[in-house]
Amino acid sequence: MDFSFLSKYYLFFLNGAKFTVVLAIFTVIFGVILGVILALMRISNNKLLNFIGAAYVEFIRGTPVLVQVYLIFYGLPSILGINFPDMVAGILALTINSGAYVAEIIRAGIQAVDKGQLEAARSLGMKYTTAMRYIIVPQAIKNILPALGNEFITVIKESSIVSVIGIHELMYNADTVRGNTFRAFEPLIIAAVMYFVMTFTLSKLMGKAERRLKTSD
Amino acid sequence: MIKVENLNKKFEKLHVLKGIDVEIHKGEVVVVIGPSGSGKSTFLRCLNLLEEATEGKIFFEGTSIMDKASDINKLREKIGMVFQQFNLFPNMTVLDNITLAPLKVKKTSKGEAEETAYKLLKRIGLEDKAKSYPSQLSGGQKQRIAIARALAMSPDVMLFDEPTSALDPEMVGEVLQVMKELANEGMTMVVVTHEMGFAKEVADRVIFMDEGVILEEGTPEEIFNSPKQPRTQDFLSKVL
């Protein structure tokens with residue numbers, strides 16, 4: 001093992017990590033927005049919205065993220081004639097993927113709240129939206145947060161997939177270093193450690209947030 | 001106050017209520033008894049539209065509640081309900097549980113809502129629990145809070161859906177005591193229960209339901225001392 005290449009190439013890893021963080025942050029933000037919309041579609045009484053939401057989730061969960069990334073990157077320009085900057089295509093593809101998983105997490109979290117809660121709220125004269133806002137959603141968030149934290153961690157890790165479309169994130173840069181130094185192994189260890197630092201930090205932060213929400217139990 | 005005409009409720013193929021006709025007058029305490037699966041709870045839940053009846057009419061203070069034009073949220077303000085499983089809001093303190101609906105639905109001021117809440121808490125003997133969370137309370141305490149929460153909307157009628165069935169035996173008394181006091185103050189009440197002692201002592205009228213119909217109704221004396229229907233006699237011989 002020889003890590004002497006680091007003195008020359010450490011910036012590759014730092015810059016790659018920076019891209020990975022940016023990718024992950026935008027994916028998480030847009031993924032949650034998309035997930036909320038899809039979850040609302042799935043719990044609504046409108047059959048059409050319901051179907052669209054369910055079909056979307058099933059399709060995304062049933063196809064590899066690698067295929068989805070290629071579809072967005074090569075498919076959109078050739079079909080619609082839209083050309084995105086690489087980074088936007090990457091965020092878009094990851095968002096489309098993550099949104100489906102977030103939707104399922106949110107839907108399950110809302111449906112896990114005891115039915116009696118909504119009944120009690122409605123029996124007091126509250127509108128559906130009032131009951132959702134003050135009773136159901138606050139309780140659902142407690143169910144959702146741990147699973148959502150896992151999803152955020154998954155997003156950080158899976159963002160490595162967009163290296164295939166040439167985004168200079170951590171995985172891509174690690175590969176570049178491997179090529180330049182003819183060292184197959186060591187750059188990957190550095191990348192793995194850096195991914196782990198990111199995901200472990202996030203998992204600790206989520207744990208803290210969960211504990212704060214638990215105060216009323 | 002409440003008038004029910006030919007109420008029918010079907011779940012898919014299951015015919016749960018088969019033509020219920022009943023009238024509940026102001027200040028009356030009506031206790032509904034009957035075996036499990038007889039439709040008692042479904043009947044009660046139809047009265048505030050937690051279940052939508054398949055057929056029939058329900059009038060509350062002259063308004064047809066199943067009419068699409070009537071505002072069910074407004075009507076529900078006047079119809080308090082107490083559930084078997086309490087259904088307190090676990091994410092809020094006892095005080096917030098009681099004041100939430102007055103604040104958000106009736107737009108009562110915070111000061112006024114809290115004053116009412118403390119009065120109600122005093123009445124049920126749980127003033128010291130205002131800042132507690134439901135998870136810190138016993139079952140009996142939870143149910144008394146649930147009653148207070150419903151009363152905070154100053155309803156005209158209170159529906160009780162087996163309020164003591166989920167309680168440990170030693171806590172049944174404290175809940176029934178609160179209900180008894182409420183009845184004595186003249187609250188109109190419809191109570192689905194297996195507490196025959198409560199029915200005998202507090203009810204103005206007892207309704208016996210079986211297989212989706214009202215088989216027999218009358219004063220507690222009539223029902224408990226000289227039931228006419230063989231099915232009623234059979235049921236009472238098993239529970240008394």
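Does segment A:122-129 include one or more residues that are over 24 Å from A:V28 (Cβ atoms), without any contact (Cβ under 8 Å) to a residue 40 or more places away in the chain and among the polar types (S, T, N, Q)?
First pass over segment A:122-129, keeping only residues over 24 Å from A:V28 (Cβ atoms): A:122-129.
Still in the list and also without any contact (Cβ under 8 Å) to a residue 40 or more places away in the chain: A:122-129.
Within this subset, residues satisfying the condition of being among the polar types (S, T, N, Q) are A:123, A:129.
Within segment A:122-129 (the criterion being over 24 Å from A:V28 (Cβ atoms), without any contact (Cβ under 8 Å) to a residue 40 or more places away in the chain and among the polar types (S, T, N, Q)), the answer is yes, since at least one residue qualifies.
B:M153 passes every criterion in (1) in contact (Cβ under 8 Å) with a residue 40 or more places away in the chain; (2) in a loop (DSSP other than H, G, I, E, B); (3) open to solvent by 20 Å² or more (accessible area, probe 1.4 Å) apart from (3). Per the conditions (1) more than 9 Å from chain A (Cβ to nearest Cβ); (2) buried (at least 22 other Cβ atoms within 10 Å of the Cβ); (3) closer than 19 Å to B:F160 by Cα, the sole criterion not satisfied by B:E51 is (2). For segment B:196-205, the criterion of being touching a residue at least 40 places away in the same chain (Cβ under 8 Å), out of contact with any Asp or Glu (no Cβ under 6 Å at 6 or more places or on another chain) and open to solvent by 60 Å² or more (accessible area, probe 1.4 Å) is met by none of the residues. Only a single item in (1) part of a helix (DSSP H, G or I); (2) without any contact (Cβ under 8 Å) to a residue 24 or more places away in the chain; (3) polar (S, T, N, Q); (4) over 30 Å from A:I135 (Cβ atoms) is not met by A:N50, and it is number (4). Would you please name the residue that is surrounded by the fewest Cβ atoms within 10 Å (Cβ to Cβ), looking only at residues in segment B:161-177 that are aliphatic (A, V, I, L, M) and within 21 Å of A:E119 (Cβ to Cβ)? Among those that are aliphatic (A, V, I, L, M) and within 21 Å of A:E119 (Cβ to Cβ), it is B:A166. The criterion of at least 2 residues that are open to solvent by less than 50 Å² (accessible area, probe 1.4 Å) and within 14 Å of another protein chain (Cβ to nearest Cβ) is met by the following helices (runs of 4 or more DSSP H) wholly inside segment A:127-217: A:128-131, A:137-158.
Scanning segment B:106-145 for residues that are among the aliphatic types (A, V, I, L, M), under 21 Å from B:G80 (Cα atoms) and touching a residue at least 40 places away in the same chain (Cβ under 8 Å) yields a total of 2. The residues of segment A:1-10 that are in a helix (DSSP H, G or I) and open to solvent by 90 Å² or more (accessible area, probe 1.4 Å), listed by number, are A:S7, A:K8, A:Y10.
One residue alone among A:V69, A:V113, A:V65, A:V102 is in contact (Cβ under 8 Å) with a residue 24 or more places away in the chain, within 14 Å of chain B (Cβ to nearest Cβ) and open to solvent by less than 30 Å² (accessible area, probe 1.4 Å), and that residue is A:V113.
The values are calculated or read from the model by the stated rules, or taken from the named source; none is laboratory data. What you see is a predicted model; the values in this text were computed from it and never measured. When we count neighbours, we look across all protein chains shown, and the Cβ atoms used for this are built from the backbone with ideal geometry, even at glycine. Ligands, DNA and RNA are stripped out before the accessible areas are found, and what is left, the full protein with its side chains, is counted by its heavy atoms. Shrake-Rupley method; radii C 1.70, N 1.55, O 1.52, S 1.80 Å.
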